[in-house]
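Written below as structure tokens is the structure these notes are about.
Read-outs throughout are calculated quantities, based only on the coordinates presented, and are distinct from any laboratory measurement. All values reported here derive from a predicted model rather than from experimental measurement. Using ideal geometry, Cβ is built from the backbone for each residue, glycine included, and neighbour counts are taken over all protein chains shown.
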Amino acid sequence: MSAKQGIFIAIEGIDYSGKDTQQELLCSWLKTQGCDIVSTREPGGTPLGEEIRQILLRTKSEVCAKAELLLFMASRAQFVQEVVMPTIKSDKILVTSRYFFSSLAYQGFGRGLSIEELVQIAMFVTNRLIPNLTILIDLDVRISLSRRRKELADRIEKEEKAFYERVRFGFLELAKNPRWRIETVDGSKSIDEIHSNIVNIVQEERRREKW
């Protein structure tokens, strides 16, 4: 895809895998390459999305798996309409922390909802927009949980180890499917090593796709 058509990069992984840090480093590096960057996150990225994010992560009410999924998808629909589509029509590069792969991993593999049905919903909500490249930062669940401070954790971050094992497995399964264009990096490495690995992947993608 030409840069004039816009480039879409997503960063995925379980909680506390270092997505935000690596997103910031990647965006800084891309700027040194002369790229015009839009950096955002999911759920959120829009005023409506940020309101839904607060409901999803801070509510004290019981939220069933299907309601949780549909709230995430509602935020995502607004995100695609308001942020993703305008960006890919420009010469900018969109870098987001999380996209619909998180719903497949968390609500699909984690909560046990049908992956096939989730893919159908995701394709409808996103107008079938799949990132040019998704970076999966893979991290052992034990390391992730060791970084968690329960008093600051949101509703989903407070889930137990078995849930996160299913989510991690889900991400790794998704990465096996070439349709999704997911590249995996080892999240147990140092911040600099992870960043270097991500830069190498992005450079190779730029060479291959000529953007």
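Some values worked out for this structure:
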quantity: Selected residue [without any contact (Cβ under 8 Å) to a residue 24 or more places away in the chain and under 25 Å from Val185 (Cα atoms)] from Lys31, Lys92, Lys60; calculated: Lys31
quantity: Residue match in region 176-185 (condition: surrounded by fewer than 16 Cβ atoms within 10 Å (Cβ to Cβ), touching a helix residue (DSSP H, G or I) at 6+ places or on another chain (Cβ under 9 Å) and in a helix (DSSP H, G or I)); calculated: no
quantity: Count of residues meeting criterion [of a type in the set (Val, Ile, Thr) and farther than 14 Å from Ser102 by Cβ] in region 131-177; calculated: 2
quantity: Test: residue in region 146-160 that is crowded, with 20+ Cβ neighbours inside 10 Å and in contact with a Phe, Trp or Tyr (Cβ under 8 Å, 6 or more places away or on another chain); calculated: no
quantity: In region 132-157, residue farthest from Lys92 (Cα to Cα) [restricted to those that are outside any helix (DSSP H, G or I) and β-branched (Val, Ile, Thr)]; calculated: Ile156
quantity: Selected residue (only one of Gly45, Gly49 is within 14 Å of Arg76 (Cβ to Cβ), in contact (Cβ under 8 Å) with a residue 24 or more places away in the chain and in contact with a Pro (Cβ under 8 Å, 6 or more places away or on another chain)); calculated: Gly49
quantity: Residue within region 106-120 that is of a type in the set (Phe, Trp, Tyr), outside any loop (DSSP other than H, G, I, E, B), surrounded by 13 or more Cβ atoms within 10 Å (Cβ to Cβ) and touching a Ser or Thr at 6+ places or on another chain (Cβ under 9 Å) present; calculated: no
quantity: Given (1) in a helix (DSSP H, G or I); (2) surrounded by fewer than 23 Cβ atoms within 10 Å (Cβ to Cβ); (3) of a type in the set (D, E, K, R), number of the condition Arg76 does not satisfy; calculated: (2)
